[in-house]
Structures are given as C-alpha cells and as structure tokens.
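Some notes on the structure that comes next.
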Amino acid sequence: MTKTNTKPMFIRNASQLVTLKGGSESPRVKEQMEELHIIENGSVWIENGKIEDVGTDKELSEKYSSKLNQAQHIDATGKLVTPGFVDPHTHLVHAGTRENEFNMRLQGASYMDIMNAGGGIHSTTKATREASHSQLYNESFARLNRFLKQGVTTVEAKSGYGLSLEHEMKQLEVAKKLNETHPIDIVSTFMGAHAVPAQYKENPDEFVDLVIYEMLPKVAESGLAEFNDVFCERGVFTPDQSRRILEAGLNLGLLPKIHADEIEPYAGAELAATLGAVSADHLLKASDEGIRQMAEAGVIGVLLPGTAFFLMAESANGRKMIDEGVAVALSTDCNPGSSPTVSTPLIMNLGCLKMGMTPAEVLTAVTINAAHAIKRGHEVGSIEVGKKADMNIFNVPTYMHLQYMYGENHINTVIKNGQVAISGGNLVCQDTHTHN
Ligand code: NIG
Ligand code: FE
C-alpha cells in the first residue's frame, strides 16, 4: 500500500497550531509539559508524507507562492491542529469481548477474583487462541479504524493473549501485518508474561522459565517485537519473576516495560527504576519512593486513567508524578477487560478531571511524551520539520476546548503520513477498507 503522497499538502490557517516542538531528544518533564509552542494562524507544508515547513499562514503562503497551485489545500480556519495522537499502551490484537464480566463487576465481583476463577485475561486468551490469523486481523483492523477516528495515528500493541510460543507469535504476526496494511503505525511489544496459564498454577516458575528460555529467544530472533512487558502484580508475576523476565529480554535486545502497581502496591515502580525500564505503566498504587526513583532513573510513567475509571478505582496520582519530575504519558490501555476504549480524547478528559493534570499537560502526555514511551520521539509526537506528517484537525478553536467539551468526538480531519485518512469525521483513506 502507499503510505506517502507525491502531491504537496498545505494545511492552512489553524486558529491554534499546537506544534510541541523541541522535545524530540527527550520527554518533557515538570513545567516543560506546559510548553505547547502554539502558532496562531498556523500552517504546515507537507511533502512526501513528511513535514516540510511550519509557520504562520502568511509566512508559508509567501514562501511557497510558486507551488501553491500544485498543492492540496486543507483549510483549518477556526480550527485546532495538533500532532496525531500516539497511544503507547494497548492490547490491540485480541478476539472477543467481556461485557458479562463488566456486568459482574458492577454487581460487586472484583477484577482479580474474575481472573482467578478462570475468566479475565484467561477468557480472552481462550478466544484469541481459537481465532484464526485472519479473524484476529479483521477484528483488530476494525479496532484500528476506530482509533483513527479518534485521532490516534500511532499505536503500541502488546501480545499476551496467547501465553504459548505458537499463539504469542500469531498475535505478533497479526500486528506486523496490520502495520503493513493499515495507515496507523504499530509498534510491537511481547507480553508472554501477561498471566500464568491454569496448568502452571501450582508451579508458576515453570511458566516463567518457558517465557525466558523458549518464548523470548524465538521472539527476539523473529524481530517481531521491540519491547518486553510483564504484569507484575500479586497473584500474577512477583517482582523477582518480573525482574528475571525483563532482564532476559534485555539481554536479547528487547527493551523493558512493566505493568506496575496496578491493583496493589508491589514495588513495581522501584523495579522499573532499577532496570532502567523505558516505561512503567498503570502506577495507581505506586509508592512515593518508587515515584522518586522513577524520576531519577528517567522512567516514563504511562498512566491509564480509563482503566481506573472502568475498574472503579482511584486514578494514579498524575499531578504528584509530574511535580516529582516523572515524564508522564497517557494511554487508553485498550483491552477487552479493564479498558475497552479507543478514545484518547476521553483519556485526556480523565487526565484533567481525575488526575489533576492541566489541559496542556495532557496534550503533551498523548503526543511527544507518548512517542518517547515507545522510542518514537524522533519520528512523531510533534509538528516539526522532518517528522511524519501525522496531524489532527479539530472542530474547536483552541486546545483548551478539547479538554473542556468532554465526551464528544471533535475530530474533523486526520492526516496520516501526509494523506487524508479521516475527513468530516469519516474514514476516507482507501487503506482503511482493505481486508484480507
Ligand atoms: O493493562 N493488567 C493487566 N492487563 C491489562 C488487562 C487485560 C485484560 O483484562 O484483558 C491491563 O489492565
Ligand atoms: Fe495493559
């Protein structure tokens, strides 16, 4: 498929062009998270899928006057333009839904009780194992279209519903194919240590050995994943097992990520700092000391307020983490159990309303900081010369409106790799209709 466009594109005259420039080298921390670098009456010149120039409409229309009639013009007058959103933590590739468990939780059952009784992650694992490659592909492809409609242009995708070499590889292969066919870019994470399968319940270390000695080497050899993640939680993987799995991955070139301190405090943030993990995610119950150590070690905190909302739990303390110097990113955690949403805008709303973050901070957290959380800070997450032309145009005049008028999809246009993927809120890109 074509991911680039040969005709130049000229996005013109946004009431606010939020560039977030200047953060390609490292994620933003503390007050830097407020620095959006907004251009009023801003325009962007795009060529070959990349950002060629950024400035005011007056500057660019003069500079490119000789080429103006060759370009596709997109009028953003009165509208907000931001970088395309980056979702740095999803369980994109999975089969089926778990609405019955949602109903059970509403009547008092806990997430962990459901999982320990063989439901939860185990029930999605069963469905995902039974699904064919093309079933998984089609379900996930449709989900990617829903992400795109919310303005998400890059997505991290974890395996972890296979829990055997064969089925983990199937998920990773589907993610690779989706990356090749869908406009959204996908960055893959291996998460063989997402749950302990029932047959290893009495001897979980045997499963840990399977992950370390059988799965990780094959996954690393295949080149199908860049990161290695583990669910470090009481009753799932202990901090010591998590450390062994993440160190083994690191020795094979897979960078560590960790589901940490989600349900109970379990020293996951501390472990992430000790390992120098790229990110520690969830952190609802992270200790003060763990937060301090993460800031010192430069571990990005990927916070998932949709998961807290959906599990009816108290959100992570985003305000405190930012004040302590942790680079914070936000994500949907899109998965069928604890957060069945694709809505980055909703996550931003929750970031403001449940975690004490400002509208500017949440925008930083879903763009440049999210890009750093998947090692893509040099490629996406800001509107800067040389980066991918991934941009959102919203039917609101300022970024503040985006956080303020909550619960609505304000997307007008999504540009992915310099092509219009969403127009008037609807899918237009040819590639979004391709099915195998
Ligand atoms: O990030 N916490 C573990 N994993 C997912 C949930 C997966 C599921 O319930 O299917 C999470 O919340
Ligand atoms: Fe998750």
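The values are calculated or read from the model by the stated rules, or taken from the named source; none is laboratory data. For clarity, every value in this text was computed on a predicted model and none was experimentally measured. Virtual Cβ from ideal backbone geometry, glycine too; neighbours counted across all protein chains shown. In case anyone asks, the SASA skips ligands and DNA or RNA and just uses the protein heavy atoms, side chains included. Shrake-Rupley method; radii C 1.70, N 1.55, O 1.52, S 1.80 Å.
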Residue 139: passes all of (1) open to solvent by 10 Å² or more (accessible area, probe 1.4 Å); (2) within 16 Å of ligand 1 (Cβ to nearest atom); (3) not in a helix (DSSP H, G or I) but (3)
Pick from the stretch 284-302 the residues that are away from ligand 2 (no atom under 16 Å from the Cβ) and closer than 18 Å to residue 23 by Cβ: which of them is surrounded by the fewest Cβ atoms within 10 Å (Cβ to Cβ)?
298
When the stretch 233-283 is examined, which residues are found to be of a type in the set (D, E, K, R), surrounded by 20 or more Cβ atoms within 10 Å (Cβ to Cβ) and either within 17 Å of residue 372 (Cβ to Cβ) or out of contact with any helix residue (DSSP H, G or I) (no Cβ under 6 Å at 6 or more places or on another chain) (or both)?
233, 257, 262, 281
I need every pair where a residue in the stretch 181-206 that is closer than 20 Å to residue 258 by Cβ has its Cβ under 8 Å from the Cβ of a residue that is among the aromatic types (Phe, Trp, Tyr) and open to solvent by 10 Å² or more (accessible area, probe 1.4 Å), sequence separation at least 6 or different chains.
none
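Yes/no per residue for (1) under 16 Å from the mean Cα position of the chain (by Cα); (2) more than 16 Å from ligand 1 (Cβ to nearest atom):
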residue: 156; (1), (2): yes, no
residue: 159; (1), (2): yes, no
residue: 164; (1), (2): no, yes
residue: 168; (1), (2): no, no
residue: 185; (1), (2): yes, yes
residue: 189; (1), (2): yes, no
residue: 197; (1), (2): no, no
Of the residues that sit in the stretch 228-251 and are acidic (Asp, Glu) and not in a helix (DSSP H, G or I), which one is farthest from residue 170 (Cα to Cα)?
233
Result of the Cβ filter at 7 Å on the stretch 304-324, keeping first residues that are within 18 Å of residue 361 (Cβ to Cβ) and touching a residue at least 60 places away in the same chain (Cβ under 8 Å) and partners that are open to solvent by 50 Å² or more (accessible area, probe 1.4 Å) and in a helix (DSSP H, G or I), at least 6 apart or interchain, is 322/30
Within the stretch 162-171, is even one residue closer than 30 Å to residue 411 by Cβ and either open to solvent by less than 10 Å² (accessible area, probe 1.4 Å) or touching a Phe, Trp or Tyr at 6+ places or on another chain (Cβ under 8 Å) (or both)?
yes
Selected residue [out of contact with any helix residue (DSSP H, G or I) (no Cβ under 6 Å at 6 or more places or on another chain) and part of a helix (DSSP H, G or I)] from 313, 295, 308:
308
Please go through the stretch 81-117 and give me each residue that is more than 11 Å from ligand 1 (Cβ to nearest atom), in a loop (DSSP other than H, G, I, E, B) and more than 17 Å from residue 162 (Cβ to Cβ), ordered by number.
84, 88, 107, 108, 109, 110, 117
Is there any pair with a first residue in the stretch 154-170 that is under 15 Å from residue 220 (Cα atoms) and polar (S, T, N, Q) and a second that is modelled with pLDDT of 95 or more and within 12 Å of ligand 1 (Cβ to nearest atom) whose Cβ atoms are under 6 Å apart and which are 6 or more apart or on different chains, and what are they?
159/191
Need the failing condition index for residue 225 against (1) of a type in the set (Gly, Ala, Ser); (2) buried (at least 24 other Cβ atoms within 10 Å of the Cβ); (3) part of a loop (DSSP other than H, G, I, E, B); (4) within 16 Å of ligand 1 (Cβ to nearest atom), just the number.
(4)
Hey, could you check the stretch 87-109 for residues that are more than 16 Å from residue 307 (Cα to Cα) and within 16 Å of ligand 2 (Cβ to nearest atom) and say which is surrounded by the most Cβ atoms within 10 Å (Cβ to Cβ)?
94
Conditions (1) within 9 Å of ligand 1 (Cβ to nearest atom); (2) open to solvent by less than 20 Å² (accessible area, probe 1.4 Å); (3) of a type outside the set (Val, Ile, Thr): number failed by residue 123
(2)
Pairing a residue in the stretch 31-55 that is among the hydroxyl-bearing types (Ser, Thr, Tyr) with any residue that is open to solvent by 20 Å² or more (accessible area, probe 1.4 Å), where Cβ atoms lie under 8 Å and the two sit 6 or more apart in sequence or on different chains, gives 43/12; 43/13; 43/54; 43/56; 43/57; 43/59; 43/61
Sort out for me the helices (runs of 4 or more DSSP H) sitting completely within the stretch 334-436 that have 3 or more residues that are under 28 Å from residue 256 (Cα atoms).
344-355, 359-365, 368-373
From the list 305, 336, 340, which one is within 16 Å of ligand 2 (Cβ to nearest atom), at pLDDT 95 or above and open to solvent by 50 Å² or more (accessible area, probe 1.4 Å)?
340
